[in-house]
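A.B. asks: Handing you this structure, nothing more for now.
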Amino acid sequence: MKATVTWQQDLKFECTTESGKSLVLDGNGEGMSPMESVLLSVGACSSVDVVEIMKKARQPLEHCHCELTAKRAEDAPRVFTDIHAVYVVKGDNISEKHLARAVQLSCEKYCSVMLMLNAKVNITTDYRIE
């Protein structure tokens, strides 16, 4: 995997992957910051796993979203110290047992973003069926 990050102006950068996808990150607070993109990556990566695992378990999933809360260190470098992810799913007769297992498998085995961060960041999860 390769990517290029190109300075545009001030603290604004265009980020492009080798597949041609791009994203603008901004350290000025005008656009999405690099740390916000890391937090979103935690939720997106893990949610992919949860949806895939629930589908394989033949759970009638109609909706899934992940609510993320993060705390950062007060001093530089202002790394994440804590991340809490809450998975909210909807569907008819969703099994709480299957959802709990999907979240656990994602966090402990499949989510590469969480697994990269978990040595330094306290990551906790919860889930809710609506």
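A.B. asks: Of everything in the range 115-130, what is of a type in the set (A, V, I, L, M, F, W, C), more than 13 Å from A70 (Cα to Cα) and touching a residue at least 24 places away in the same chain (Cβ under 8 Å)? Give them in sequence order.
C.D. replies: I129
A.B. asks: Here is a list of conditions, (1) under 19 Å from L117 (Cβ atoms); (2) touching a residue at least 24 places away in the same chain (Cβ under 8 Å); (3) assigned to a strand (DSSP E or B), and V50 meets all of them except one; can you say which number that is?
C.D. replies: Only one criterion is unmet by V50, namely (3).
A.B. asks: Return the total of residues in the range 91-107 being outside any helix (DSSP H, G or I) and touching a strand residue (DSSP E or B) at 6+ places or on another chain (Cβ under 7 Å). Write out each step before concluding.
C.D. replies: From the range 91-107, those outside any helix (DSSP H, G or I) are 91-95; that's our starting set.
Narrowing further to those that are touching a strand residue (DSSP E or B) at 6+ places or on another chain (Cβ under 7 Å): 91, 94.
Within the range 91-107, residues that are outside any helix (DSSP H, G or I) and touching a strand residue (DSSP E or B) at 6+ places or on another chain (Cβ under 7 Å) number 2.
A.B. asks: While we're looking at this one, here's another question. Could you check the range 81-102 and list, in sequence order, the residues that are more than 18 Å from K55 (Cβ to Cβ) and surrounded by 15 or more Cβ atoms within 10 Å (Cβ to Cβ)? Quick ask: steps written out before the conclusion?
C.D. replies: Of the residues in the range 81-102, the ones more than 18 Å from K55 (Cβ to Cβ) are 81-86.
Listed by number, the residues that qualify are I83, A85, V86.
A.B. asks: Here is a further query. For the range 19-47, which positions are in a loop (DSSP other than H, G, I, E, B), charged (D, E, K, R) and within 21 Å of the chain's Cα centre (by Cα)? Quick ask: steps written out before the conclusion?
C.D. replies: Start the filter on the range 19-47 by keeping residues that are in a loop (DSSP other than H, G, I, E, B), which leaves 19-21, 27-33.
If we keep only those that are charged (D, E, K, R) as well, we get 21, 30.
Of everything in the range 19-47, just one residue is in a loop (DSSP other than H, G, I, E, B), charged (D, E, K, R) and within 21 Å of the chain's Cα centre (by Cα), namely K21.
Okay, residues lined up against (1) among the hydrophobic types (A, V, I, L, M, F, W, C); (2) more than 30 Å from T6 (Cβ to Cβ); (3) at pLDDT 95 or above:
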position	(1), (2), (3)
G20	no, no, yes
R58	no, yes, yes
E62	no, yes, yes
A76	yes, no, yes
N93	no, yes, yes
K97	no, yes, yes
Q104	no, yes, yes
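A.B. asks: Inside the range 43-78, can you point out the residues that are under 18 Å from R101 (Cα atoms) and of a type in the set (V, I, T)?
C.D. replies: Across the range 43-78, the qualifying residues are V48, V50, V51, I53.
A.B. asks: Pairs only if they're at least six apart or on different chains, beta carbon under 6 angstrom, first in the range 75-103 and on the phi > 0 side of the Ramachandran plot, second among the acidic types (D, E) and modelled with pLDDT of 95 or more; list them, first residue then second.
C.D. replies: Note: pairs meeting the criteria are G91/E62.
A.B. asks: Would you please name the residue that is surrounded by the fewest Cβ atoms within 10 Å (Cβ to Cβ), looking only at residues in the range 108-126 that are assigned to a strand (DSSP E or B) and of a type outside the set (S, T, N, Q)?
C.D. replies: Checking each candidate, the answer is D126.
A.B. asks: Let me ask something additional. From L105, L40, L23, which residue is among the hydrophobic types (A, V, I, L, M, F, W, C) and surrounded by 15 or more Cβ atoms within 10 Å (Cβ to Cβ)?
C.D. replies: Numbers: L40 fails: surrounded by 15 or more Cβ atoms within 10 Å (Cβ to Cβ); L23 fails: surrounded by 15 or more Cβ atoms within 10 Å (Cβ to Cβ).
Only one candidate passes the filter, namely L105.
The values are calculated or read from the model by the stated rules, or taken from the named source; none is laboratory data. Computed from a predicted structure; not experimentally measured. Heads up, the Cβs are rebuilt from the backbone with ideal geometry, glycines too, and the neighbour counts pull from every protein chain shown.
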